[in-house]
Amino acid sequence: MAKTLTRRDILKFTGGGILGLLFSPLPWKLLDDSSIWTQNWGLTPKLAHGPITNIFSHCSLCSGGCGITARCVSGFPFAITGISGHPVSQGTVCTRGLAAHHMAHHPLRIVHPHTFTGKGSEATLSAVSLQTAVSATAEHIAASHGSVVILDQQPGRAISHVYREFLNSIPNGIYLNSPSVEAVTVNTLKAMTSGEKYSYGFDLENADLILSFGAPIFDNWGTPGRLTALHNAGTTKVIQVDSRYSRTAMQSTEWLPIIPGMEKFLALGIANIMIQEKMVPAQVIRSMSDYKAYVAITNEFTPEKVSQITGIESDRIIKTARALASSHHPIVLSGADPGGGPFDSETDKSITALNILLGNVGKSGGIISRRDVPGYEINSEPLHWANIPDHSIEVLIVDSVDSGYALPWTLIQKKMLLNGGSILSLSPILNEISAHSDFLIPAPALFESLQDIPTPPGHPVGTFAISTPLLKKQEETTEPADVIRLLATALNVQLEIPPMEELIKQKSAALYSHKRGTLHIASDNSTLQVREIATADDFWTKLTEGAVWIDEKTQQHSQRSYTIGLSAVNVPVQGMELPMIAYGWRGATASAQVSPILSKVFQETELRAINGTVSINPTTAIQYGLSKDDEAELSTVNGTMKVHVKIDPTIRPGVIEASIAPLLNGIETPAHPAGSNILNLCEVTNDGTWRITTAKLLKV
Amino acid sequence: METTIEKVYKFGMVIDLDKCNGCGACTVACAVENNIPPALEKMNKRNGLTWLNISTVSNGEQFPKSESVFVPMFCQQCEKETPCMTVCPQNAVDIDPSTGIVGQVPQRCLGCRYCMTACPYHARYFNWWDPEWTEGMKQQLNPDVAPRMRGVVEKCNFCHGRLHAAKQKAASQGSREIDPVDYVPACVESCSNKAITFGDLNDTTSPVAQAARDENSFRFLSRLGTEPKVYYHSAKKWVRAMAEKSLTRSHQEEFHG
Amino acid sequence: MDKFLIPRGLQRTSFGAFLLWLIPWTALLSLGLYAIYLCLAEGLFHTNMDNRFAFGIWIFLDLTVIALGAGAFFTGFLLYILRRKELKAVINSAVVIGLICYSGAVLVLMVDVGQPLRAWFTFWHPNTHSMLTEVTFCLTCYLIVLLIEYIPIVLKNRQLRQIPKFLVFEFELHKLMPVLAGIGTFLSFFHQGSLGGLFGVLRGRPFAFREELGIWPSTFFLFVISAAAAGPSFIMLTTWLVEKITRKNLVKPEVYKFLGKVSGIMLIAYVLLKSIDTLIWINSTSPGNGFPAFEFYATQSFGSWILFTEIVTFGLLPALVLLSSRLREQRRFLFGAGFLVCCGIMLNRFVMTIQTLALPTLPFDDFLTYSPSWEEVATFLFVVAYGMILYSVTFRYATLFPQEKELNQLNGELSMQEFARTGKTTSFWQPKFVTQLRNKFASSKL
Ligand SMILES: Nc1nc2c(c(=O)[nH]1)N[C@H]1C(S)=C(S)[C@@H](COP(=O)(O)OP(=O)(O)OC[C@H]3O[C@@H](n4cnc5c(=O)[nH]c(N)nc54)[C@H](O)[C@@H]3O)O[C@H]1N2
Ligand SMILES: Nc1nc2c(c(=O)[nH]1)N[C@H]1C(S)=C(S)[C@H](COP(=O)(O)OP(=O)(O)OC[C@H]3O[C@@H](n4cnc5c(=O)[nH]c(N)nc54)[C@H](O)[C@@H]3O)O[C@H]1N2
Ligand code: SF4
Ligand code: SF4
Ligand code: SF4
Ligand code: SF4
Ligand code: SF4
Ligand SMILES: [Mo]
């Protein structure tokens, strides 16, 4: 029989329903889901899955030549460490190398040819075809009256030879390097030497005293692992001549705080003491063609005078000279701070000459001759900025390893034609120089293509290795070798340019044919005689698996003679108002940009001052009415920049330290690199250096 | 699997301040290993994400007598009364009795930041922003470490991912102990100056235990009694004096009482 | 137009004037709402807090507000448990203020935490050792108690009373009140205490760390007592404020005096204990942790004057005033002292939160400064606005002050003189245009 449904029933039902629901798992499930949801929101990325493998390769970010182990998941590298027992880098990688696998994904990465409309920081990118970029450049080269220059930022690679051949085959071609803080001593010594058919290298491991004039040897100089190993061993005494309490000064046995720019006079003063105190061996004197002229220049620099010029007590100068002369294996290094750029050539000569006086050239623990790597011999020394007349470059091609921020844009401007000059950049990443170029044909980024790793500047023996690709090459990037081939064809220059990998393989074969030296095998940290390797292909395969070839130590000889070639030096007028020195971080912020993760070092810690920071001593701060974190205006002959003031008691009073550092590429908004670099405030002198500039610093 | 590891460890570190040259490799290695995102534009030392941060400390002298040291600072793995753990309302912080490592469970963290006020070493970091990577970098994250989301706290956990891997390896080989070479935190591995010694403090013969006992070794804020497992070392008098600005315990107290 | 809702025999301004009064608060409310949206949707980078200043004004003001809201539980305790009938006059108002303070604080906390959706984890896997767990539990429970206590106030409304069921319900609830008051007191005792414990347990912050008495650090008890001291003073001040704004007599003078006296008694006890606690801290606790206490006051802005102000200016002084029946007679002193007490509690909560975080711990740390972002300020103003609106509405449509009716019939005259006397101060409490509008609408007043 039918029962009518009363309001009461409905209430009962709903009431019961609700109660039941509460005791069901449903509400708890919902709560759980809500929390699970909070764990995946914020778009936290999904992680790659798959087997974890190690791939051995070499880092070509700078010329340090470090072996790397890339930890990869399903093919993607996610971390980089060294190769234990690696004979060059001794198992370590530098701060930048640890994140080198990010470079291909840099926010300022360029993946196909572009042209720039507008100039400098206003310049905007627009895509062009490879053809357009190449033919435009070719036409300009064909029509050029000024010189056609290729700036090779990492000389000694296979591509360096391609550049050289190409430039030799056109009427006005010039192959250009800029001086490396590592190579400058050996290059200068080479230029002073006659009777040396090889390059020079530093036998640091066997040295007992290193006198370094500002070379940042414990701050990513050369191959960092090699020097940290040296430092950890602790058997070598290091005297660091530095205008500031640098990382290297901090780690060295003794620090000689010098008034910036006066390094030359300290060197001459030390020479003078050695000569006066008859510490120079007779056969050394005999080997120096212009000894008399040299003495004539040095003898005016008595300890007292030098002390007064350099701000270092005379007895410390004398002590240093004697320490040098009395040690068995001394090495004297020239080479300044990367940011400040190279010393002027007179300074380099004065410092380098000390090695000759000490008679340590060609001796173990000194500067030794290094047989060139077969297939990598140099036929002619490259030109450096000093050799390039102002406003003489009509077409500048900047190699893919872009000095980025080490070279002041103003230096390049100084050398380019006043009007009508054009720049082609091969940089895979946007940076100060490539952002100023007219055309951009990006090369594959780091680890996207196979590269050769030549002997690092200043290394005591020849080495050869391969940077094995870890990443897929971007479709529209072009190997510099292919760019040169296209240019050659467009200019119908007859040149045989094989593809890059092919070319490097040929060089490897040539090297193998000498059956010389040893291979270090990454996978098991073992060593193989090249003789024991069956075929050139085996040799090649091992190289592509992370092996590095090490030459035998070169037979040393002593049939050299030297010409110092110092011209009379005049003592500078002291006390320029506020000397500004650009200061930076060797290598680790080198070619072009750095991985965004380096922001940890520049932005989220106090480790390195960010771009556009000036550091001054507290007393200087008081003098100029400045205090911590003030905004100020820094002006030089080249212009004015807003800067951030940092107070640092380890900086010499009366000196401004302008820090050069990567743009903080907040990955949400990559900054336009053009004109960002404080280096552009540096005054570039006629010899193409920019160490010291008078500056004004005003609070805003 | 992990259950087969029976040995009880007390992992710790000794940082030689005389060897550290502030190269920052450890900071970067830590960020890469633990999927810490790069800085956004507005990030700085106070609101950034660096499980391993490094401060520059000056000796307060005038140039050229002015010197400075770099002090790498990260979770000191407090053993007793672990400040951050005791205060966490929802057990998002735990200490593993078999390793002594203070762990952080971001999935449980509600981001109240009470632990941050509790930590005397400022070793904890809050995600003020959503993490950001470029598309390519997202594919290059460490598959062993879960990225954190906005609004939670994170900190050094002695590279938990690596510990886990080492345990699994040991277990798969039926070993009851972790082979020391299998468990090396990223910062330790990356330090080419060999400034950081890592290992088992329970094993009195281990390099780390010996270094910790050195008379020039000390711990920051040791009087708080939280028994941190990270030691520092310096032969420089002024550095140790700096560390004692807040009274620390004498070397005797540290090791025999 | 809303006369049918206004309790019989009570005078209320016209609906228009009332709306006008609400406008500025609504504006503030929406601004705050926007700030809250930014923090929840985009992230806490909208605040000026950072890893070192992990707590900011939000926590500071939450603690303050909760201490001031203590009037609710303490009045309840005195009225229902200790049977101090005179407090019937303010209990409703106290409950509403308590409700506002606590709900406001909880709301701000939900914005403050990075993952509010996970807040319930604390109930799911609580860490019983954490003071914050204690706080969370007690706060939520007590908030519920306050809600229940609020219901009868609403139900008293003239229209709702028409519904018999509600009348019964309300009556039943009333019988419950003593029980609720008991629970409330119990809960409040714990969370006020735990809020103090929150900082007292911070071993890593020797400035805040205190020895334990039993299972709680001394700050636990200091917070309970200071809250009990501030609560009544705050009720006193707010009631007086409402009188000023509405220009009515709402409670009899004895009530004020009694509140003042209670406040005074609690305060003197607090000052005594606080002084002892401070001495122990300076001489043993702090140095024991490696920090000579004087160093804390050597840093910049936070000199030892803070300690003095907290204990003497804002402590001993008002306590003595409130304890002297002669001074209590004079409103100047009574309310003046009450004001100082509230300042005192505010300063104390400031010291515990902000100063604790500003001070360095590591030997190479700096003394830190922090100033809130507009979003942080606006978020808190949201609570103020919300409180104002809730209170105004309840005041208009419910009977917050049982004595209002009689007082304003007996001496309606007096209240007009009152107006004449206090007109100046009135205009101090409200924008001039409101006063003018009042007079304009005065005619329409019945
Ligand atoms: N202080 C300081 N240092 C700097 C810079 C700076 O601005 N300041 N700038 C950086 C820049 S921009 C650059 S480009 C680098 C350049 O730095 P390096 O790469 O060191 O260039 P160089 O020192 O000119 O050449 C290194 C050695 O390679 C040799 N070489 C050149 N071409 C060949 C070749 O084809 N085959 C072989 N086998 N050897 C060859 C040279 O003779 C020299 O001995 O320096 C960097 N270092
Ligand atoms: N360890 C090592 N490093 C090397 C070389 C080497 O042989 N060994 N070789 C050099 C060679 S051959 C090349 S081609 C490259 C390029 O050479 P460079 O680019 O000259 O590299 P560095 O000389 O290390 O850095 C030059 C200066 O530029 C600053 N800098 C670097 N990146 C940026 C940036 O993004 N923004 C700004 N504003 N400044 C920046 C650095 O702080 C440093 O002060 O590496 C150079 N670096
Ligand atoms: S030193 Fe140069 S080559 Fe070596 S890891 Fe660093 S960047 Fe790469
Ligand atoms: S890696 Fe080593 S040397 Fe470099 S900062 Fe870290 S601890 Fe110091
Ligand atoms: S250092 Fe800080 S985070 Fe690490 S355990 Fe100690 S209190 Fe916790
Ligand atoms: S922030 Fe997270 S870990 Fe820290 S106390 Fe709160 S819930 Fe625990
Ligand atoms: S131990 Fe691992 S997590 Fe901790 S600081 Fe070092 S690298 Fe980072
Ligand atoms: Mo370069």
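The values are calculated or read from the model by the stated rules, or taken from the named source; none is laboratory data. Model, not experiment: these values are computed from the prediction. Quick reminder, even Gly has a Cβ in these numbers, built from the backbone with ideal geometry, and neighbours come from all protein chains shown. Remember, those area values only see protein heavy atoms, side chains included, never the ligands or the DNA or RNA. Shrake-Rupley method; radii C 1.70, N 1.55, O 1.52, S 1.80 Å.
Quick check on my filter: what residues within region A:328-355 are among the small types (G, A, S) and not in a loop (DSSP other than H, G, I, E, B)? Once the filter is applied, which keeps residues that are among the small types (G, A, S) and not in a loop (DSSP other than H, G, I, E, B), region A:328-355 yields A:S334, A:S345, A:S350, A:A353.
Note on region A:49-67: residues that are closer than 18 Å to B:S190 by Cβ, hydrophobic (A, V, I, L, M, F, W, C) and outside any loop (DSSP other than H, G, I, E, B) amount to 1. Scan region B:54-77 for residues that are open to solvent by 10 Å² or more (accessible area, probe 1.4 Å), of a type in the set (S, T, N, Q) and either farther than 22 Å from A:K600 by Cα or within 12 Å of ligand 4 (Cβ to nearest atom) (or both) and the total you get is 4. For region A:359-367, state whether one or more residues are within 23 Å of A:A215 (Cβ to Cβ), open to solvent by 10 Å² or more (accessible area, probe 1.4 Å), β-branched (V, I, T) and assigned to a loop (DSSP other than H, G, I, E, B). No: zero hits.
Does region A:335-350 contain any residue that is charged (D, E, K, R) and touching a Phe, Trp or Tyr at 6+ places or on another chain (Cβ under 7 Å)? Spell out how you get there, then give the answer.
At the first step, the residues of region A:335-350 found to be charged (D, E, K, R) are A:337, A:344, A:346, A:348-349.
Going one step further and asking which of them are touching a Phe, Trp or Tyr at 6+ places or on another chain (Cβ under 7 Å), we end up with A:337.
For region A:335-350, residues charged (D, E, K, R) and touching a Phe, Trp or Tyr at 6+ places or on another chain (Cβ under 7 Å): present.
Of everything in region B:63-82, what is among the polar types (S, T, N, Q) and either at the interface with chain A (Cβ under 7 Å from one of its Cβ atoms) or more than 16 Å from B:Y232 (Cβ to Cβ) (or both)? Give them in sequence order.
Filtering region B:63-82 for residues among the polar types (S, T, N, Q) gives B:66, B:68, B:76-77, B:82.
Result: B:S66, B:S68, B:T82.
Taking C:F314, is it open to solvent by less than 70 Å² (accessible area, probe 1.4 Å) and either free of Cβ contacts under 8 Å to residues at least 40 places away in the same chain or within 17 Å of C:T353 (Cα to Cα) (or both)? Answer is yes for this residue. Each residue in region B:200-213 was checked for being open to solvent by 10 Å² or more (accessible area, probe 1.4 Å) and touching a residue at least 60 places away in the same chain (Cβ under 8 Å), and 4 pass.
The residues of region C:317-341 that are surrounded by fewer than 24 Cβ atoms within 10 Å (Cβ to Cβ) and within 19 Å of the chain's Cα centre (by Cα), listed by number, are C:F335, C:G336, C:F339, C:L340. Would you say B:G60 is within 14 Å of chain A (Cβ to nearest Cβ) and at positive phi? Here the answer is yes, as B:G60 does meet what is asked. You will find that of A:S380, A:S350, A:S364, the residue that is at pLDDT below 95 and away from ligand 1 (no atom under 16 Å from the Cβ) is A:S364 and no other. So for region A:269-279 (the condition being touching a residue at least 60 places away in the same chain (Cβ under 8 Å), among the small types (G, A, S) and within 28 Å of A:E182 (Cβ to Cβ)), does at least one residue qualify? Scanning region A:269-279 turns up at least one residue that is touching a residue at least 60 places away in the same chain (Cβ under 8 Å), among the small types (G, A, S) and within 28 Å of A:E182 (Cβ to Cβ). Residues in region B:138-154 include at least one that is touching a Leu at 6+ places or on another chain (Cβ under 6 Å) and either surrounded by fewer than 22 Cβ atoms within 10 Å (Cβ to Cβ) or within 14 Å of chain C (Cβ to nearest Cβ) (or both).
Of the residues that make up region A:88-103, is at least one surrounded by 17 or more Cβ atoms within 10 Å (Cβ to Cβ), modelled with pLDDT of 80 or more, closer than 28 Å to B:R108 by Cα and touching a strand residue (DSSP E or B) at 6+ places or on another chain (Cβ under 6 Å)? Among the residues of region A:88-103, not one is surrounded by 17 or more Cβ atoms within 10 Å (Cβ to Cβ), modelled with pLDDT of 80 or more, closer than 28 Å to B:R108 by Cα and touching a strand residue (DSSP E or B) at 6+ places or on another chain (Cβ under 6 Å), which makes the answer no. Does A:R516 count as more than 16 Å from A:V373 (Cα to Cα) and among the basic types (K, R)? When the stated conditions are applied, A:R516 does not pass them. Consider region B:51-79 and keep the residues that are touching a Ser or Thr at 6+ places or on another chain (Cβ under 6 Å) and of a type outside the set (A, V, I, L, M, F, W, C). The one that is farthest from ligand 6 (Cβ to nearest atom) is B:S66. Applying the condition of being in contact with a Leu (Cβ under 8 Å, 6 or more places away or on another chain), in a helix (DSSP H, G or I) and open to solvent by less than 20 Å² (accessible area, probe 1.4 Å) to region A:485-524 and asking which residue is nearest to A:A547 (Cα to Cα) yields A:S508. Among the residues of region A:145-165, write down those that are open to solvent by less than 10 Å² (accessible area, probe 1.4 Å) and among the charged types (D, E, K, R). Listed by number, the list holds a single entry, A:D152. Which residues, counting only those in region C:139-160, are farther than 18 Å from C:Y397 by Cα and buried (at least 21 other Cβ atoms within 10 Å of the Cβ)? Residues satisfying the conditions are C:L139, C:Y142, C:V145, C:L146. Selection over region B:214-249 of residues that are within 11 Å of chain C (Cβ to nearest Cβ), small (G, A, S) and either on the phi < 0 side of the Ramachandran plot or open to solvent by 40 Å² or more (accessible area, probe 1.4 Å) (or both) gives a count of 4.
Only one of the numbered conditions (1) away from ligand 5 (no atom under 14 Å from the Cβ); (2) in contact (Cβ under 8 Å) with a residue 12 or more places away in the chain; (3) of a type in the set (S, T, N, Q) is not met by B:Q77, and that is (1).
Per this entry, A:G91 is not counted among residues that are away from every other protein chain (no Cβ under 12 Å), over 16 Å from A:T468 (Cα atoms) and more than 16 Å from ligand 5 (Cβ to nearest atom).
I'd like the full set of residues that are within 22 Å of the chain's Cα centre (by Cα) and not hydrophobic (A, V, I, L, M, F, W, C), limited to region A:417-431.
A:S425, A:S427, A:P428, A:N431
Kindly indicate whether A:L204 is within 14 Å of chain B (Cβ to nearest Cβ), closer than 21 Å to A:R370 by Cβ and more than 16 Å from ligand 1 (Cβ to nearest atom). Spelling it out, it is not the case that A:L204 is within 14 Å of chain B (Cβ to nearest Cβ), closer than 21 Å to A:R370 by Cβ and more than 16 Å from ligand 1 (Cβ to nearest atom).
Might you let me know whether region B:58-66 holds any residue that is of a type in the set (A, V, I, L, M, F, W, C) and in contact (Cβ under 8 Å) with a residue 12 or more places away in the chain? Within region B:58-66 (the criterion being of a type in the set (A, V, I, L, M, F, W, C) and in contact (Cβ under 8 Å) with a residue 12 or more places away in the chain), the answer is no, since none of the residues qualifies. Residues in region A:349-358 that are open to solvent by 10 Å² or more (accessible area, probe 1.4 Å) and closer than 12 Å to A:L268 by Cα: 1 in all.
Quick grid of which residues meet (1) touching a residue at least 12 places away in the same chain (Cβ under 8 Å); (2) open to solvent by 20 Å² or more (accessible area, probe 1.4 Å); (3) part of a strand (DSSP E or B):
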position	(1), (2), (3)
A:V614	yes, no, yes
A:I622	no, yes, no
A:G625	yes, yes, no
A:A632	yes, no, yes
A:V643	yes, no, yes
A:K646	yes, yes, yes
A:A674	yes, no, no
A:D687	yes, yes, no
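Can you say whether B:T86 is at the interface with chain C (Cβ under 7 Å from one of its Cβ atoms), out of contact with any Ser or Thr (no Cβ under 6 Å at 6 or more places or on another chain) and among the β-branched types (V, I, T), as far as the supplied structure shows? Considered against the rule, which asks whether it is at the interface with chain C (Cβ under 7 Å from one of its Cβ atoms), out of contact with any Ser or Thr (no Cβ under 6 Å at 6 or more places or on another chain) and among the β-branched types (V, I, T), B:T86 comes out as yes.
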